[in-house]
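> What follows is a single structure, and I will ask about it in a moment.
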Ligand SMILES: Cc1cc2nc3c(=O)[nH]c(=O)nc-3n(C[C@H](O)[C@H](O)[C@H](O)COP(=O)(O)OP(=O)(O)OC[C@H]3O[C@@H](n4cnc5c(N)ncnc54)[C@H](O)[C@@H]3O)c2cc1C
């Protein structure tokens, strides 16, 4: 049996797991990451068509831990978010509210990056990083916490001893299952279709969230060489039972559909990629810690893709944990103790719950086909647009400030 000694074990080498690993290595720790997939397969999987709008606080953290320079050249600035309501009858946009970066005194709300680039760049960076051990194609089968450390055994019969285990193994977290931590899940009976489009009008670095019953349709600008200014990613939320509808399979029909669904806001749209789909759920782990173990990112919370809250909430988990470890190390204190994991849980639990509740309510509000709810959407947006104080409060919450 191969045996390793390390400071921290991270289960899951996705975006969150790798950013966590880099942050802890910066603090002088040795990190072992256990990833279920082989790197080769991950590259295939990283044909992930999604892009991630990373908000200002996440970018600041990327700069702090020295990973922003790896993404900068691919990043599309997002200068404003325009939330619109599409009139059910006329099919035209009947109200909107624009949230500008300058309203908060900042240059950009954030940047949009293709997931494929984020994961590929992180993998390249980590493979060249000292004190990082990557065990791929493997997963944890057994966890034994002891007084001063924790021992795990993997499917490939590898044993790793560490001070702390971090579960960043996604929504189906194996670590959460092994430790019998319960979760609550809400299924919206919704799918998000994800694809890229070119459009007739320039996006001017604006992102759009266009509401209509069945959920929002989001357009987020993407940086490209050939079509720069005229290329965006789309997240279109639809009812589950419409998933087999031919419109969503035929690119020409989908192009026409998306032009109408977006109220023609960027002119004629043409689909430029394959279409992938994701089930929309909210899911929360009932605990964020256990003996010498911490849960973060989608292992802890899954949110519907509204207002770019998912990964941005995960970056917040990572940041809080990073500062806690930094504080302990400065004071020559141990990490992974009962007090340590509880401090993380106490700092994150309320914040995660309030964010999940807000996104859940927003999604319920967006799904409703009820005319009264549609009117609430319309008048709510007009109210926000005309009320600077409320608008600023909403912006600050959305931006994790
Ligand atoms: C359509 C859509 C659009 C989105 N857009 C945005 C956005 O604009 N902004 C935003 O902030 N968020 C967005 N999100 C959310 C964001 O994509 C997710 O939060 C993020 O991808 C989750 O990353 P993660 O690292 O937590 O999980 P994953 O990406 O699921 O990574 C988990 C990793 O763990 C590995 N793994 C799984 N099981 C095991 C195991 N047993 N042992 C070891 N390894 C294991 C997996 O192979 C994977 O590599 C969006 C989500 C969707 C669905």
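The values are calculated or read from the model by the stated rules, or taken from the named source; none is laboratory data. Computed from a predicted structure; not experimentally measured. Cβ coordinates were reconstructed from backbone atoms using ideal geometry, including for glycine residues, and neighbour counts include every protein chain displayed.
> Would you be able to say whether some residue in region 96-104 is surrounded by fewer than 18 Cβ atoms within 10 Å (Cβ to Cβ), more than 12 Å from the ligand (Cβ to nearest atom) and over 24 Å from residue 266 (Cβ atoms)? Working first, answer last.
Residues of region 96-104 that are surrounded by fewer than 18 Cβ atoms within 10 Å (Cβ to Cβ), as a first pass: 98, 100, 102-104.
Among the residues that remain, those that are also more than 12 Å from the ligand (Cβ to nearest atom) are: 98, 100, 102-104.
Okay, now just the ones that are also over 24 Å from residue 266 (Cβ atoms), so 104.
There is at least one residue in region 96-104 that is surrounded by fewer than 18 Cβ atoms within 10 Å (Cβ to Cβ), more than 12 Å from the ligand (Cβ to nearest atom) and over 24 Å from residue 266 (Cβ atoms).
> Please state which one of 247, 258 is outside the structural domain of residue 181 (by TED's automatic domain parsing) and within 16 Å of the ligand (Cβ to nearest atom).
Of 247, 258, the one residue that is outside the structural domain of residue 181 (by TED's automatic domain parsing) and within 16 Å of the ligand (Cβ to nearest atom) is 258.
> Could I ask something else about it? Listed residues 36, 45; which is at pLDDT below 95 and within 8 Å of the ligand (Cβ to nearest atom)?
45 is the lone residue from the list that is at pLDDT below 95 and within 8 Å of the ligand (Cβ to nearest atom).
> On to the next question. Return a yes/no flag: does region 85-92 have any residue that is crowded, with 20+ Cβ neighbours inside 10 Å and more than 18 Å from the chain's Cα centre (by Cα).
yes
> Take region 284-299 and flag every residue that is within 11 Å of the ligand (Cβ to nearest atom) and either part of a strand (DSSP E or B) or more than 28 Å from residue 214 (Cβ to Cβ) (or both).
295, 296, 299
> Same structure, new question: Has region 129-146 got at least one residue that is within 12 Å of the ligand (Cβ to nearest atom), in a loop (DSSP other than H, G, I, E, B) and more than 20 Å from residue 300 (Cα to Cα)?
Scanning region 129-146 turns up at least one residue that is within 12 Å of the ligand (Cβ to nearest atom), in a loop (DSSP other than H, G, I, E, B) and more than 20 Å from residue 300 (Cα to Cα).
> Has region 322-331 got at least one residue that is within 16 Å of the ligand (Cβ to nearest atom) and assigned by TED's automatic domain parsing to the domain that holds residue 177?
The answer is yes, given that some residue of region 322-331 is within 16 Å of the ligand (Cβ to nearest atom) and assigned by TED's automatic domain parsing to the domain that holds residue 177.
> Something else about it: For residue 258, only one of the following conditions fails: (1) surrounded by fewer than 23 Cβ atoms within 10 Å (Cβ to Cβ); (2) under 27 Å from the mean Cα position of the chain (by Cα); (3) over 28 Å from residue 58 (Cα atoms); (4) touching a residue at least 12 places away in the same chain (Cβ under 8 Å). What is its number?
The failed condition is (1).
> What tally of residues in region 154-166 results from selecting those that are surrounded by 16 or more Cβ atoms within 10 Å (Cβ to Cβ) and in a strand (DSSP E or B)?
Summing the residues that are surrounded by 16 or more Cβ atoms within 10 Å (Cβ to Cβ) and in a strand (DSSP E or B) in region 154-166 gives 8.
> Something else about it: For the list (1) surrounded by fewer than 17 Cβ atoms within 10 Å (Cβ to Cβ); (2) away from the ligand (no atom under 12 Å from the Cβ); (3) over 26 Å from residue 66 (Cβ atoms), I need the number of the one condition that residue 206 fails.
Unmet for residue 206, out of (1) surrounded by fewer than 17 Cβ atoms within 10 Å (Cβ to Cβ); (2) away from the ligand (no atom under 12 Å from the Cβ); (3) over 26 Å from residue 66 (Cβ atoms): (1).
> Restricting attention to region 349-377, which residues are in contact with a strand residue (DSSP E or B) (Cβ under 9 Å, 6 or more places away or on another chain) and outside any helix (DSSP H, G or I)?
none
> Another question, if that's okay. Within region 1-33, can you find the residues that are modelled with pLDDT of 95 or more and assigned to a loop (DSSP other than H, G, I, E, B)?
6, 7, 12, 13, 14, 27, 28, 29, 30
> While we're looking at this one, here's another question. How many residues, within region 320-336, are surrounded by fewer than 20 Cβ atoms within 10 Å (Cβ to Cβ) and touching a residue at least 40 places away in the same chain (Cβ under 8 Å)?
Final tally of qualifying residues: 3.
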